[in-house]
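The values are calculated or read from the model by the stated rules, or taken from the named source; none is laboratory data. Computed from a prediction, not measured in an experiment: that's the story for all the values here. Neighbour counts run over all protein chains shown; Cβ positions are idealised from the backbone, glycine included.
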Amino acid sequence: MNKQPSNTDISLKIVLVGEGGQGIQTIAKILTRAAFQKRYHVSYLPNFGTEQRGGLSLAFVQLSRSPIISPKFKTADICLIVSNRDTGRSRRYIGPMTHVVYDSGIVEERGIRAFRTVTSNVVPINAFNTTSTQLSERSFNIALLGMLTGLIDVELQTDIIRLMDEKFAKYYLKDTGLKSLNHKAFDLGLTLTKHA
Amino acid sequence: MPRAKRRETKEFMQGNAVIAHAARAAGATSFYGYPITPSTEVFETWVQLCGNPHKPALSPVTKERLSYLQCEDEMASGFALIGACLAGKKAFTATAGPGNILMQDAFSAAEALRIPTVAVIMQRGGLSTSTVIYSQEEVTLTCFGGNGEGFRVVYSPSSLQDLYTYTLKSFNTAWKYRYPTFLLGDGYLGKMSGEVTRYPMLKREYVTPEPILLGPARQKSLSTNLRNCYDQEEEINSIIEQYRSDYARDSKAIAESESYRTRDAHTILIAHGIVASAAKVAVDMLRSTSARVGLWRPITLRPLDVPSLVSAVGNARRIIYIESALGQMSRLINDALIAYSETGKSFDLPAVRSLYAPALGITPTEIVEQVLKKS
């Protein structure tokens, strides 16, 4: 992926498409909070239905070096899809320049075909299977967080890990292995960036 | 409200949390409500601000204890709110969609009795229960709900910063002029997170709440009669006429709007709330191609800032209404323009076009496309 918005005058629009309860909203919150602390202008807008779990869950994230006026956008720079439920809805946010990253362990190829008619930048990753095999299925969302960090700005890494540890602190007390697992999953996600 | 010489802090916050913090800064001390998405975090954050129930936090403005009550439903919440305000508390509530419908009974009573109340409305999708996400479909309900004439104040914030600024303002407006006052946001604004600058209210800006039932009037006589039941039609007619006169007078001080790059504009976009933010970006995009486009945004939907509206659209060739509803805002504007034209002042209504997307977010790109569309 060419768009590496490290330190210059960048503006990134990202839409994350997952299932309710999967952790998409948590990822988006941690990402934007860390970016805010690194003096990015940020906006995070969640979008989901009435289900407590399940159902389509979208997160609209913007990072910019200029003030962000409007939280909703028509075309994303990056669209990460980890739900097989409704790829039709996320298609609204895809343009010729959008980089579509999807998890091939979750999203069926036939669901992605329509995206390929809009953009040639469609990239499969295998985060779910890799995380499940090497670590644990429950760390999948943290691997995604690591991958997104690598895609967006690797300098956010320290802040993101700190915020992640704060977010899960009470779970770490109950499960002493969870912190180490999350850190490994984050690192695994960073390595997946290369594939994306 | 000037913000100079205040201690400001810039933070990353969710919109609903911004409102709770602003209410605390405004001197609010009590919240009565029943949680409903997408407004729930207003209540949640307020509960957190209240602290330990055995040792409640104090208002930074009045040093009174902060408190809350989760009622059995929205009707009870609305009337509990009225009760607290009658007792001299600066209280507020937050609701959405079906909850907004249920609270209209209480809001209508507040309108009839000129009881200052503040209600945060986070619009979710209509019709009925619908989605928990977003729309601008509670404009009519919030402005004119209940059996009344809409003697209310309705602010329509368009950003996280606006949520802070106009929450502060809502409390002062409600208690200064004694109208039910609404902060009409939406699910996007309430649920989104971003940067906001918080600042304290200055002491001189604070409007002290009058204990309507327990105040000086009560000391003179054994009863304070707030009347909302009348025998004769002439009686209630005279009350309504008095309210109309008061409202017309107060509207001059309350009504607010924003005119953005309208001075030489041939096309005026009219949008409110978060859609106005998208429209502002669209104006900048179009101006970069030399298109003469501007934005007029009502900050108060009730009362409307009619002089500013007329000034913005008076020389335009066309206006474009943009809203996430089927014309709830544009009906307010059209009514105001017709009423203005009836005063006999010279005014030609420009050509009108609309971009209505009920219950859908509207992006700057979609607005640009609409402006550039030939017919």
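In this structure, does A:SER43 turn out to be among the polar types (S, T, N, Q) and under 24 Å from B:MET13 (Cα atoms)? Criteria met by A:SER43. The residue that is modelled with the lowest pLDDT, counting only those in the range A:152-171 that are surrounded by fewer than 16 Cβ atoms within 10 Å (Cβ to Cβ) and either touching a helix residue (DSSP H, G or I) at 6+ places or on another chain (Cβ under 6 Å) or not hydrophobic (A, V, I, L, M, F, W, C) (or both), is A:GLU155.
For the range A:66-94, the set of residues classified as in contact (Cβ under 8 Å) with a residue 60 or more places away in the chain, within 11 Å of another protein chain (Cβ to nearest Cβ) and in contact with a Gly (Cβ under 7 Å, 6 or more places away or on another chain) consists of A:THR75 only.
Taking the range A:60-89 as the search range and keeping residues that are more than 14 Å from B:THR365 (Cβ to Cβ) and of a type in the set (Ser, Thr, Tyr), which one is surrounded by the most Cβ atoms within 10 Å (Cβ to Cβ)? Step by step, filter the range A:60-89, then rank; the result is A:SER83. In the set (1) under 30 Å from B:SER193 (Cβ atoms); (2) crowded, with 24+ Cβ neighbours inside 10 Å, B:PRO303 fails one condition alone, (1). Restricting the search to strands (runs of 3 or more DSSP E) fully inside the range B:4-121 and requiring at least 1 residues that are out of contact with any Lys or Arg (no Cβ under 9 Å at 6 or more places or on another chain) and over 28 Å from B:GLU137 (Cα atoms) gives B:67-70.
Selection of the range B:328-355 for residues being away from every other protein chain (no Cβ under 14 Å), outside any helix (DSSP H, G or I) and touching a strand residue (DSSP E or B) at 6+ places or on another chain (Cβ under 6 Å) yields B:PRO350, B:ALA351, B:VAL352, B:ARG353, B:SER354. Within the range B:171-184, is there a residue that is within 14 Å of chain A (Cβ to nearest Cβ), modelled with pLDDT of 95 or more and within 22 Å of B:ASN100 (Cα to Cα)? The answer is no, given that none of the residues of the range B:171-184 is within 14 Å of chain A (Cβ to nearest Cβ), modelled with pLDDT of 95 or more and within 22 Å of B:ASN100 (Cα to Cα).
Taking into account only those residues within the range A:25-54 that are within 8 Å of chain B (Cβ to nearest Cβ) and either more than 18 Å from A:ILE14 (Cα to Cα) or among the aromatic types (Phe, Trp, Tyr) (or both), which is farthest from the chain's Cα centre (by Cα)? Filtering first and then ranking leaves A:THR50. Picking from residues in the range B:128-142 that are more than 9 Å from the chain's Cα centre (by Cα) and more than 14 Å from chain A (Cβ to nearest Cβ), the one that is surrounded by the fewest Cβ atoms within 10 Å (Cβ to Cβ) is B:THR140.
So B:LEU163 passes all but one of these: (1) over 14 Å from B:PRO98 (Cα atoms); (2) not in a helix (DSSP H, G or I). Which condition number does it fail? All conditions are met except number (2).
Those helices (runs of 4 or more DSSP H) of the range A:104-196 in which 2 or more residues are of a type in the set (A, V, I, L, M) occupy A:109-116, A:140-152, A:157-167, A:169-174, A:178-195. The sole residue among A:LEU58, A:LEU63 that is aliphatic (A, V, I, L, M), closer than 23 Å to A:GLU137 by Cβ and within 13 Å of another protein chain (Cβ to nearest Cβ) is A:LEU58. For the range A:1-53, filtering for residues that are in a strand (DSSP E or B) and at pLDDT 90 or above leaves 13. Within the range B:122-138, residues that are of a type in the set (Lys, Arg) sit with their Cβ atoms under 6 Å from residues that are not in a loop (DSSP other than H, G, I, E, B), at 6+ positions apart or across chains, in these pairs: B:ARG124/B:GLY97; B:ARG124/B:GLY187. The residues on offer are B:VAL196, B:VAL154, B:VAL207, and the sole one that is more than 14 Å from chain A (Cβ to nearest Cβ) and in a strand (DSSP E or B) is B:VAL154.
Here B:TYR243, B:TYR260 are screened, and the one residue that is in contact (Cβ under 8 Å) with a residue 24 or more places away in the chain and within 14 Å of chain A (Cβ to nearest Cβ) is B:TYR260.
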